């Protein structure tokens with residue numbers, strides 16, 4: 001079996017239990033398969049991204065409309081947000097890789113640092129949120145290759161009057177029951193936070209923010225509520241503000257190295273892009289794999305790369321060559337390689353990546369402070 | 001009986017049924033009698049206002065603290081808001097009279113035009129809200145004598161970033177149950193609207209808006225929920241933002257000419273400051289009075305000015321001389337005057353007032369458009 005086949009989803013995402021849930025979610029919420037837009041990528045002279053080919057970016061909504069607009073020569077944009085609440089890790093990189101892919105193919109990029117949300121949800125103070133936003137998030141994005149000249153970075157609390165007006169306007173366009181149907185139980189902070197996220201997604205359609213009517217938002221499926229709320233609000237303001245439903249792409253969430261959700265709050269199972277080499281190495285070497293109980297069994301039965309969080313690092317980040325990835329996959333499956341050796345192989349890739357990235361990061365930090373208008377209080 | 005006695009509340013507010021409810025509300029919510037601050041008015045060289053003397057402004061919270069700060073030479077302010085949702089009537093004038101009284105005694109005045117709320121609560125479009133805000137509300141206030149040089153007029157949707165930040169900040173400082181305890185059932189528009197009103201009340205304490213720590217908000221008791229929410233939020237941000245609890249005064253709400261609540265939405269029982277004379281006259285002449293069924297009875301038993309909505313017009317607005325007001329009151333009580341004659345007497349006062357006011361209004365409109373920064377969309 002080959003984990004990477006052009007035009008097909010890799011690691012057969014429709015087979016595993018987790019992915020059956022994805023399929024159910026897709027059907028429930030009307031998310032379409034990413035493959036459906038491949039002809040339109042071609043029409044626009046765009047290659048498929050590595051994450052599409054590998055089945056990591058697996059779904060979309062209305063991306064066809066955005067690509068058709070692009071083919072007609074209209075402006076297109078991609079927008080995402082980060083809550084400045086911890087250190088920048090490889091889960092964040094997954095989203096930034098998508099920004100870079102779309103940017104290199106002619107999309108304008110908008111990145112919001114959700115400092116308002118960081119405060120209301122995580123009680124992170126303003127100064128800390130600003131510092132983390134600039135030095136962790138924006139600096140790492142620039143170091144990864146996002147072109148700051150073609151990117152608008154902004155803080156939620158610094159976005160200006162028309163943006164805030166949208167939040168107030170939206171509040172009159174949705175009922176509490178609708179919000180609870182989308183988000184579950186809500187409180188004042190969640191109400192304001194959800195409406196703020198809808199403003200983030202929709203405001204760049206206003207003339208004063210560039211008038212980008214065709215906007216893609218790359219999300220994990222857990223963030224789909226924000227997309228649904230924004231699409232409902234766009235419908236309800238299609239006449240008054242000429243808002244258009246935002247499009248979205250859906251990616252699988254990379255697991256942490258212990259097999260659970262990757263999170264800054266569990267640093268032992270999350271590799272940060274600023275981890276010193278010895279720390280990163282230690283985390284990677286301890287990663288939960290799909291290996292067998294003994295070397296003998298592993299050689300006889302082969303490993304299960306689908307269960308291996310180290311293989312996730314290869315798949316999502318470290319091995320950019322599909323051939324190399326397939327070889328590792330098959331060597332594991334066939335019992336030709338044991339976990340320790342396999343991890344060392346990936347570690348060398350990671351070591352090189354971190355070394356080069358961290359070199360770029362210092363410069364990127366200086367640049368980030370210069371180009372981003374940080375809010376004050 | 002004399003309706004106006006210095007240092008006492010007029011029309012014995014503690015006797016009637018409605019006012020018994022006021023007393024209960026005052027006890028429940030910890031509102032103090034206005035008389036308690038009279039020594040502090042004297043300390044500041046301030047006369048009592050006509051509305052205080054007549055028992056219309058009957059309660060306060062923490063006004064003593066504001067007056068003590070003023071006596072120490074600190075900056076003090078009075079702030080109120082109007083929803084631009086109809087025409088400016090005598091109920092609005094009651095609040096503006098208080099602004100003018102405090103302004104003439106050294107208070108800085110802030111007036112917010114609640115255009116965000118007009119949209120989310122009443123679905124009034126932006127252009128209309130802006131026009132009504134400027135031509136109806138601000139222009140009438142200036143024509144009434146509010147000094148625009150000592151007043152900051154602003155629209156909610158045009159107040160800038162730090163103000164909006166407060167709304168987001170506040171959202172994390174109050175639970176849904178607390179909001180429901182204060183406001184009853186809430187929806188997203190009400191949540192945002194309540195937090196916006198709290199920002200209106202508290203934002204002028206921030207340095208960028210003047211740093212006014214000592215703020216009075218004159219309200220009818222029905223608006224007390226906003227005061228209570230703002231005071232709770234000020235407590236919770238006393239350390240982070242150095243917010244101080246706002247003070248408030250409480251006034252009785254003038255009834256409409258049919259004895260029910262005065263409202264723009266029932267124009268027949270509400271006199272607008274822009275009513276043409278013949279319209280205003282007709283409304284006043286039809287006002288519900290406390291007169292008897294026949295002239296004979298009226299002469300024998302006397303009328304009941306407390307039940308007379310035309311007498312309210314005298315009391316709140318038309319008769320600025322306490323002697324004149326007492327004479328009318330006693331003549332009615334004593335059966336010396338019949339309702340038609342009494343109404344004509346007040347009409348002559350109203351006619352003169354409207355004539356002079358409407359003359360000033362045209363100039364005030366031009367001025368209002370010039371001095372107020374209207375938002376765009």
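The values are calculated or read from the model by the stated rules, or taken from the named source; none is laboratory data. Keep in mind it's a predicted model, so treat the numbers as computed, not measured. All Cβ positions, even for glycine, are placed from backbone atoms using ideal geometry, and neighbour counts span all protein chains on display.
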### Query
Would you call residue A:58 more than 30 Å from residue A:127 (Cβ to Cβ), outside the structural domain of residue A:322 (by TED's automatic domain parsing), surrounded by fewer than 21 Cβ atoms within 10 Å (Cβ to Cβ) and in contact (Cβ under 8 Å) with a residue 12 or more places away in the chain?
no
### Query
Mind checking which residues of region B:233-266 are in a helix (DSSP H, G or I) and touching a helix residue (DSSP H, G or I) at 6+ places or on another chain (Cβ under 7 Å)?
B:233, B:234
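Just for region A:198-214: of the residues that are within 12 Å of chain B (Cβ to nearest Cβ) and part of a helix (DSSP H, G or I), which one is farthest from residue A:62 (Cα to Cα)? If you could, list the steps in order and put the result at the bottom.
Within region A:198-214, the subset within 12 Å of chain B (Cβ to nearest Cβ) is A:198-199, A:206-208.
From what is left, the residues that are part of a helix (DSSP H, G or I) are A:198-199, A:207-208.
Numbers: A:198: 17, A:199: 19, A:207: 22, A:208: 24 Å.
Among those that are within 12 Å of chain B (Cβ to nearest Cβ) and part of a helix (DSSP H, G or I), it is A:208.
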### Task
Inspect all residues belonging to region B:263-276 and state whether any of them is within 21 Å of residue B:51 (Cα to Cα) and either loosely packed, with under 13 Cβ neighbours inside 10 Å or at pLDDT below 95 (or both).
yes
#### Entry: Residue that is modelled with the lowest pLDDT, among those in region A:63-85 that are crowded, with 20+ Cβ neighbours inside 10 Å and part of a loop (DSSP other than H, G, I, E, B)
A:85
#### Entry: Residue list for region A:55-71, restricted to those being in contact with a helix residue (DSSP H, G or I) (Cβ under 7 Å, 6 or more places away or on another chain) and closer than 18 Å to residue A:105 by Cβ
A:56, A:57, A:60, A:63, A:64, A:67, A:68, A:71
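Out of region A:215-235, which residues are closer than 25 Å to residue B:375 by Cα and more than 12 Å from chain B (Cβ to nearest Cβ)? Break it down into steps so the answer makes sense when it comes.
The first filter runs over region A:215-235 and keeps only residues closer than 25 Å to residue B:375 by Cα, leaving A:230, A:233-235.
Of everything in region A:215-235, those that are closer than 25 Å to residue B:375 by Cα and more than 12 Å from chain B (Cβ to nearest Cβ) turn out to be A:230, A:234, A:235.
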### Query
Which number in (1) more than 8 Å from chain B (Cβ to nearest Cβ); (2) more than 22 Å from the chain's Cα centre (by Cα) marks the one condition that residue A:188 misses?
(1)
### Message
Conditions first: (1) touching a residue at least 60 places away in the same chain (Cβ under 8 Å); (2) within 10 Å of chain A (Cβ to nearest Cβ). Residue B:142 passes all but one, so which condition is the exception?
### Response
(2)
### Query
Given (1) in contact with a helix residue (DSSP H, G or I) (Cβ under 8 Å, 6 or more places away or on another chain); (2) part of a helix (DSSP H, G or I); (3) at pLDDT below 95, where does residue B:223 come up short, assuming only one miss?
(1)
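Regarding region B:287-298, can at least one residue be identified that is without any contact (Cβ under 8 Å) to a residue 40 or more places away in the chain, in a helix (DSSP H, G or I) and out of contact with any strand residue (DSSP E or B) (no Cβ under 6 Å at 6 or more places or on another chain)? Full working, then the answer.
Here is the first cut: in region B:287-298, the residues without any contact (Cβ under 8 Å) to a residue 40 or more places away in the chain are B:288, B:292-294, B:296-297.
So of that shortlist, the ones also in a helix (DSSP H, G or I) come out as B:296-297.
Imposing the further condition that a residue be out of contact with any strand residue (DSSP E or B) (no Cβ under 6 Å at 6 or more places or on another chain) reduces the set to B:296-297.
Scanning region B:287-298 turns up at least one residue that is without any contact (Cβ under 8 Å) to a residue 40 or more places away in the chain, in a helix (DSSP H, G or I) and out of contact with any strand residue (DSSP E or B) (no Cβ under 6 Å at 6 or more places or on another chain).
Those residues that are crowded, with 16+ Cβ neighbours inside 10 Å and under 22 Å from residue A:95 (Cα atoms), I need them from region A:313-331; list them, please.
Result: A:313, A:314, A:315, A:316, A:317, A:318, A:319, A:322, A:325.
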### Task
Considering only residues that are surrounded by fewer than 18 Cβ atoms within 10 Å (Cβ to Cβ) and not in a helix (DSSP H, G or I), look in region B:172-185 and name the one that is farthest from the other protein chains (Cβ to nearest Cβ).
B:184
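Residue B:134: within 15 Å of residue B:203 (Cα to Cα), modelled with pLDDT of 90 or more and either within 14 Å of chain A (Cβ to nearest Cβ) or not in a strand (DSSP E or B) (or both), yes or no? Talk me through it step by step, then tell me what you get.
On the way: within 15 Å of residue B:203 (Cα to Cα): no; modelled with pLDDT of 90 or more: yes; either within 14 Å of chain A (Cβ to nearest Cβ) or not in a strand (DSSP E or B) (or both): yes.
So residue B:134 does not fit the description; no.
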#### Entry: Filtered residues of region B:103-126 (kept if in contact (Cβ under 8 Å) with a residue 12 or more places away in the chain, within 14 Å of chain A (Cβ to nearest Cβ) and assigned to a helix (DSSP H, G or I))
B:115, B:116, B:117, B:118, B:120, B:121, B:122, B:126
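Please work out if residue B:309 is in the same structural domain as residue B:281 (by TED's automatic domain parsing), in contact (Cβ under 8 Å) with a residue 24 or more places away in the chain, within 22 Å of residue B:275 (Cβ to Cβ) and touching a strand residue (DSSP E or B) at 6+ places or on another chain (Cβ under 9 Å). Explain how you work it out, then say what you get.
On the way: in the same structural domain as residue B:281 (by TED's automatic domain parsing): yes; in contact (Cβ under 8 Å) with a residue 24 or more places away in the chain: yes; within 22 Å of residue B:275 (Cβ to Cβ): yes; touching a strand residue (DSSP E or B) at 6+ places or on another chain (Cβ under 9 Å): yes.
Judged against the criteria, residue B:309 is a match.
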### Message
Please go through region B:332-344 and give me each residue that is surrounded by fewer than 18 Cβ atoms within 10 Å (Cβ to Cβ) and part of a helix (DSSP H, G or I), ordered by number.
### Response
B:340, B:341, B:344
### Task
Filter region A:299-312 for residues that are under 18 Å from residue A:94 (Cβ atoms) and not in a helix (DSSP H, G or I) and give the result.
A:308
## Note on the structure
Residue hits (region B:152-161; more than 7 Å from chain A (Cβ to nearest Cβ) and in a helix (DSSP H, G or I)) are B:156
### Message
Tell me the residue from B:169, B:94 that is crowded, with 19+ Cβ neighbours inside 10 Å and under 19 Å from residue B:51 (Cα atoms), please.
### Response
B:94
### Message
Please determine whether any residue of region B:308-321 is at pLDDT below 95 and touching a helix residue (DSSP H, G or I) at 6+ places or on another chain (Cβ under 7 Å).
### Response
yes
